[in-house]
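These notes are about the structure you will find just below.
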Amino acid sequence: MKKFLSRLTHRQRVWFWSFTIFNVLFFLFILLVAGAQLTHAGALLVISEFLVVAYYLSVKNEKKKSRSREWIDAIVFAVVAATLIRTFFIEAFTIPTSSLEKTLMIGDYLFVSKINYGPRIPMTPLAFPFAHHTLPVVGGKAYLEWVKLPYYRMPGLTQVKNYDLVVFNYPDGDTVALNFQNRSYYDICRQYRQKSLYNKEGFLIDDIDPKTEQWVKVPIGEVTARPIDKRENYIKRCVAIPGDTLLITKSDLFINGKPGVTPPTMQFNYRVRTDGSLINDKVKENFDITERPRQHSEIPGDWEVTLPLGKVDKFKEIGFVKSVEKLVEDTGYSERIFPHSPHYKWNVDNFGPLWIPKAGVTITLDTGNLPLYERIIDVYENNDLKVEGDKIFINGKESKTYTFKMDYYFMMGDNRHNSADSRYWGFVPLDHIVGKAVFVWMSLKSDTSLGNKFRWNRFFTFVSSEGLSRSYLIHFICILLAFFGYSWYRGKKKVKSVTKPEPKKTDRK
């Protein structure tokens, strides 16, 4: 050790011991506070300390660093700093689907705060930097499960509140068919009446060919499991928090008996009857219609259009529009809707009442309400659940009550008829919560010319439960110009003071 340390400069020794002390303190924290297993905590300590020692063994301390060494040092610093920021403070996300339109739109680039609800300690710490679950370009897993840490959330600034826009790990994403990552594995199993599709790579699934837009048969391929923090990231509006009772009647949301918040950007599907005219591009642009209108029936001029609430009345005033009627499903059972039981005749527009579980609360449990909470008991809270006739056994004991260990949330998209959300897969556990959407820094349209690609009014906007704030892009540009202008002025003034000749001294005799 002395020989190793003697090679380092004083500054390098300080940094080496700082990293080592941090590794030891983190080891003690995850072992004693977070409750990690000794073998996993110890393995993480050994791996992280090995990386520190390996880095400083590569240091040669030449009088002048080589170009390659400068690049290595810069990359190491950038990776470490960015990883810490992404893990504990703030992370960048992109909106991939239309489920939150028009509140958040496809092509919005936003920052998600980890400190609002408290950052999670990484549960799968051995991962490729800046990749989530899949390696870029080459594919394959971007993480190793050699070391697993238990769920632990550090203190945050606040709790998840009703109507917050929340990023979370997809609860149904614990099992994934790699050829159908945009579809729920469990939904596929229900659709094809299969208990499991593990080791059935050749099982054929109906899918639409993106080139021909025709239905084709595609093998399901490999089915794999993912840890909590490596499941797909979703963003939705949290409409119900622990202890709330949720009800949807004819597409209207009620929380604890009161009407839910309906921002003007919220969207529904409407049946639009015209005089036979098409919904042209100009109308789509004026009314923010980003989803292609669909023919509702074979009758000419009978359309299904997705519209924001705040623009429905104006849409009715268009000359060729005869009528606009919200499409609402009749009361009835839908197999795709949670809890996927014929005893609960719920669908996307008629759902509940449903009580949202709260940590520490005990409920009476029977085979009637078990479909609502069995995934919580069995999967999210890791119990051995069995049903024999009318009797329920939890961890080998007959149970007529159950006490929840975690808080749960109910998430919905603002694009109510085009959102895969908690109506389809149920509750979101607290340990799946990633962070809160706080800031949109850029917004780009797809499939359009460069001149129309930028949504300038969405650049540099703050996100709240009501929607987006005004754009602060101009303010940001003005601050940048002022900063660079002042820096240029100071630099020029400094140059003048250096180059100004000193006055000659004259001798007086």
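If one puts a single equal scatterer on every Cα of segment 267-326 and applies the Debye formula without solvent, what log₁₀ I(q)/I(0) results at q = 0.26 Å⁻¹?
-1.20
Considering amide H positions built from the backbone, and no H for Pro or chain starts, which residues 5 or more places from Leu126, or on another chain, come under 5 Å of its amide H?
Correct list: Leu144, Val147.
With N denoting the number of residues in segment 2-88, provide Rg(C-alpha) divided by 2.2 N^0.38 Å, to two decimal places.
1.25
Could you sort out which of Lys64/Lys494; Lys141/Lys236; Lys161/Lys311; Lys102/Lys314; Lys200/Lys386 sit more than 18 Å apart by Cα distance in this structure?
Where the Cα-Cα span goes over 18 Å, the pairs concerned are Lys64/Lys494; Lys141/Lys236; Lys161/Lys311; Lys200/Lys386.
Mind checking which helices in the chain clear 20 Å along their axis (Cα) and have mean Kyte-Doolittle hydropathy of 1.6 or more, DSSP H runs only?
Passing helices, by number: 38-57.
Output ³J(HN,Hα) for segment 144-151: one whole-Hz value per residue in order, computed from phi by the Karplus curve 6.51 cos²θ - 1.76 cosθ + 1.60 with θ = phi - 60°, and x for Gly and Pro.
For segment 144-151, the Karplus curve yields 10, 9, 5, 10, 10, 10, x, 5 Hz.
All other residues with a Cβ under 15 Å from the Cβ of Ser113 taken together, and with Lys, Arg as +1 and Asp, Glu as -1, what is their net charge?
That sum, taken over residues with Cβ under 15 Å, equals +4.
Place a +1 charge on the Cβ of each Lys and Arg in segment 2-88 and a -1 charge on the Cβ of each Asp and Glu, then give the dipole magnitude about the Cα centre in debye, rounded to the nearest 20.
580 debye
Dipole of segment 267-326, Cα-centred, from +1 at each Lys and Arg C-beta and -1 at each Asp and Glu C-beta, to the nearest 20 debye?
The dipole magnitude comes to about 100 debye.
Which cross-chain or sequence-distant (5 or more) residues have an amide H under 5 Å from the amide H of Tyr409, H modelled 1.01 Å from N in plane?
Hits under the 5 Å cutoff: Val428.
Starting from the amide H of Ser465, placed 1.01 Å from N in the peptide plane, find each other amide H under 5 Å away whose residue is 5 or more places distant or on another chain.
none
So for His10, His132, fewest C-beta neighbours within 10 Å to most, what's the order?
With the fewest neighbours first, His10, His132 line up as His10, His132.
Taking neighbour Cβ counts within 10 Å as the exposure measure, how do Glu466, Glu49, Glu298 sort from fewest upward?
Glu298, Glu466, Glu49
Please state the shape class of segment 258-382: rounded when a/c is under 1.5, otherwise prolate if a/b exceeds b/c and oblate if not, all from the C-alpha gyration tensor.
prolate
Counting only helical runs of four or more DSSP H residues, what would the 222 nm mean residue ellipticity of the chain come to if each run contributes -39,500 (n - 2.57) and the total is spread over all its residues?
Helix-only estimate at 222 nm: -7500 deg cm²/dmol.
Pairwise over distinct Cα atoms, reciprocal of the mean inverse distance: report the Kirkwood radius of the chain in Å, one decimal place.
So the Kirkwood estimate lands at 27.1 Å.
Any idea which of Asn256, Phe454, Phe476 is furthest toward the positive side of the dipole for the chain, if Lys and Arg beta-carbons carry +1 and Asp and Glu beta-carbons -1?
Toward the positive end, the furthest listed residue is Phe476.
Convex hull over the Cα atoms of segment 293-350, averaged projected area in nm²?
Averaged projected hull area, Cα only: 5.4 nm².
Where does segment 209-310 land on Rg(C-alpha)/(2.2 N^0.38 Å)?
In units of the globular-protein estimate, segment 209-310 measures up at 1.54.
Would you list Thr97, Thr362 from fewest to most Cβ contacts within 10 Å?
With the fewest neighbours first, Thr97, Thr362 line up as Thr362, Thr97.
Every read-out reported here was derived from the displayed coordinates using simple, explicitly stated rules and does not represent laboratory data. Here the structure is a predicted model, which means the values were calculated and not measured. Note that we place each Cβ from the backbone using ideal geometry, even for glycine, and neighbour counts take in every protein chain shown.
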